[in-house]
């Protein structure tokens, strides 16, 4: 890997580089366990809703959304693989920005991840309840979760928390068995739908291949839940501190899961587009109204047996991926606590089970805060996608910083990191921007407000002026995203016309990336001099 001129700097003194209780975590995950965790984390509620909301947002062009999202996430995944194999640490995605760019970046990414995990758990529970309404009427009424539906979702999350309470080995075994079963159902669904109803005319019906313009497939990547549906690929990286051989197994597990999941979702999208009866498209793709898309489509095509299978899997499959989210999310919260953005009790690992039980309990409580006010799956997933993308962006800056200033923290496996990392940041920035003004105007101000919390809570621990200077690039990043989103064509005022808004995001992203790397290098140099 080209590294250029660098200074070798240790980000933190050895005694504090892992301030949690990593020594209590158990290294029991091999390649198949990690692959099952990655694929199991991806295949959940996303496949049940992604194709429908993708078609509603972009028509048949939603196929492009999956391909673009897969290519973008592959770039990001290469960076995360380099970090996870070089500095394996449970909760690494919230630790690496802290180690590379300081407490402000670590705090911001930590709280973003906390919100993302809690919302992910709530979204999965919502999806399960929406499909379970077929068996238990009254859970989903008038296109919204009822009080009993929310109670059912809460009870399900509690059960999955209890199953995670007893260690990573039990978790890995149960998850692998569940993953094998739940992957078979979408495969059977594709075959059955295409055999029962094959309508090539649907590609041009409802307004053509791209009925809502060529920006719609880009907006659909986050807004229709496509990023959310592919987002579980990073789960082995978050459990890298518990892998037997992270340098060997994590890269293979992550890339295998991404390729297979993108392929599966592209085929599902094609099957959905071609299987919808032509008469249902009188109001266009946006006029389709399915609360349980694949199940209702199967019933519409008189495939009662398939509907039964889908509705059963719609409870089973998201439950499996939620099981993964509970596990990996607890490691992320554990990492946030190691960053000292949460009380130290959440960085504790149980002596007997070898899992961070306090972090698991906190995530459950936060997921209740997200689930109880929500009415449906799509209402939750938009913000989740944005928060995950922002986390990925910060990790690419961390990789670029380590490449120049602390190469010992990298595995040295990914050739071309000098261009892959900035490309990953630009792609992540574009995906955030394409999420639309309606989503960003909620998500970004919340993150900017956390800076005030950082100042209030950490003012006695740090030289705040120095920390704010170090993290200024991150604040500017959030600021220009918000401004360009408001002025651009993805739900904004359109003052900056297409494609110049996207070009502006790319240029701003490139400049911000190099600013972040330069700032991180200066931070590491300052830390090194303090501990000499």
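Taken over the range 243-270, the criterion of being surrounded by 18 or more Cβ atoms within 10 Å (Cβ to Cβ) and under 27 Å from residue 202 (Cβ atoms) is satisfied by 261, 262, 264, 265, 266, 267, 268, 269, 270.
No other residue among 331, 345 is free of Cβ contacts under 8 Å to residues at least 60 places away in the same chain and either under 16 Å from residue 130 (Cα atoms) or part of a helix (DSSP H, G or I) (or both) apart from 345.
Just one residue in the set 283, 279, 287 is farther than 22 Å from residue 183 by Cα, under 32 Å from the mean Cα position of the chain (by Cα) and either surrounded by fewer than 18 Cβ atoms within 10 Å (Cβ to Cβ) or without any contact (Cβ under 8 Å) to a residue 24 or more places away in the chain (or both); that residue is 287.
Being at pLDDT 80 or above, assigned to a helix (DSSP H, G or I), over 21 Å from residue 246 (Cβ atoms) and more than 21 Å from the chain's Cα centre (by Cα) is a property that residue 117 lacks.
Identify, please: which residue in the range 485-514 is out of contact with any helix residue (DSSP H, G or I) (no Cβ under 8 Å at 6 or more places or on another chain) and part of a helix (DSSP H, G or I) and is, among those, surrounded by the most Cβ atoms within 10 Å (Cβ to Cβ)? Out of the qualifying residues, it is 511. Please determine, by comparing only the residues of the range 408-424 that are in a helix (DSSP H, G or I) and crowded, with 18+ Cβ neighbours inside 10 Å, which one is nearest to the chain's Cα centre (by Cα). Selected residue: 424. The selection criterion, being under 20 Å from residue 197 (Cβ atoms) and in a helix (DSSP H, G or I), holds for residue 298.
Against the conditions (1) modelled with pLDDT under 85; (2) in a helix (DSSP H, G or I); (3) farther than 16 Å from residue 515 by Cβ, where does residue 427 fall short? Just the number, please. With respect to (1) modelled with pLDDT under 85; (2) in a helix (DSSP H, G or I); (3) farther than 16 Å from residue 515 by Cβ, residue 427 is out only on (1).
Does residue 129 meet the test of being in contact (Cβ under 8 Å) with a residue 40 or more places away in the chain, farther than 24 Å from residue 335 by Cα and part of a helix (DSSP H, G or I)? Against the criterion (in contact (Cβ under 8 Å) with a residue 40 or more places away in the chain, farther than 24 Å from residue 335 by Cα and part of a helix (DSSP H, G or I)), residue 129 does not qualify.
Within the range 46-60, residues that are on the phi > 0 side of the Ramachandran plot reach partners that are assigned to a helix (DSSP H, G or I) with beta carbons closer than 6 Å, at six or more positions or on different chains, in the pairs 59/285. Just checking, which of 112, 122 is within 21 Å of the chain's Cα centre (by Cα) and farther than 27 Å from residue 183 by Cβ? Going through 112, 122 in turn, the sole match is 112. Within the bounds of the range 441-462, is there any residue that is outside any helix (DSSP H, G or I), surrounded by 20 or more Cβ atoms within 10 Å (Cβ to Cβ) and either at pLDDT 90 or above or touching a helix residue (DSSP H, G or I) at 6+ places or on another chain (Cβ under 6 Å) (or both)? No; the residues of the range 441-462 include none that is outside any helix (DSSP H, G or I), surrounded by 20 or more Cβ atoms within 10 Å (Cβ to Cβ) and either at pLDDT 90 or above or touching a helix residue (DSSP H, G or I) at 6+ places or on another chain (Cβ under 6 Å) (or both). Meeting the requirement of 1 or more residues that are touching a strand residue (DSSP E or B) at 6+ places or on another chain (Cβ under 9 Å), the helices (runs of 4 or more DSSP H) wholly within the range 183-270 are 235-238. For residue 517, all conditions in the list (1) under 17 Å from residue 105 (Cβ atoms); (2) not in a helix (DSSP H, G or I) hold save one; what is the number of the exception? Condition not satisfied by residue 517: (2).
Taking residue 138, is it outside any helix (DSSP H, G or I) and either under 17 Å from residue 347 (Cα atoms) or without any contact (Cβ under 8 Å) to a residue 60 or more places away in the chain (or both)? Talk me through it step by step, then tell me what you get.
Working: outside any helix (DSSP H, G or I): yes; either under 17 Å from residue 347 (Cα atoms) or without any contact (Cβ under 8 Å) to a residue 60 or more places away in the chain (or both): yes.
Yes, satisfied.
The helices (runs of 4 or more DSSP H) falling completely within the range 1-112 that include 1 or more residues that are farther than 22 Å from residue 234 by Cα and at pLDDT 80 or above map to 46-58, 62-86.
In the set 478, 482, which member is part of a helix (DSSP H, G or I), in contact with a helix residue (DSSP H, G or I) (Cβ under 6 Å, 6 or more places away or on another chain) and over 26 Å from residue 524 (Cα atoms)? Of the residues listed, the single one that is part of a helix (DSSP H, G or I), in contact with a helix residue (DSSP H, G or I) (Cβ under 6 Å, 6 or more places away or on another chain) and over 26 Å from residue 524 (Cα atoms) is 482.
The values are calculated or read from the model by the stated rules, or taken from the named source; none is laboratory data. Note that the structure is a prediction, hence the values are computed from the model and not measured. All Cβ positions, glycine included, derive from the backbone under ideal geometry; neighbour counts span all protein chains shown.
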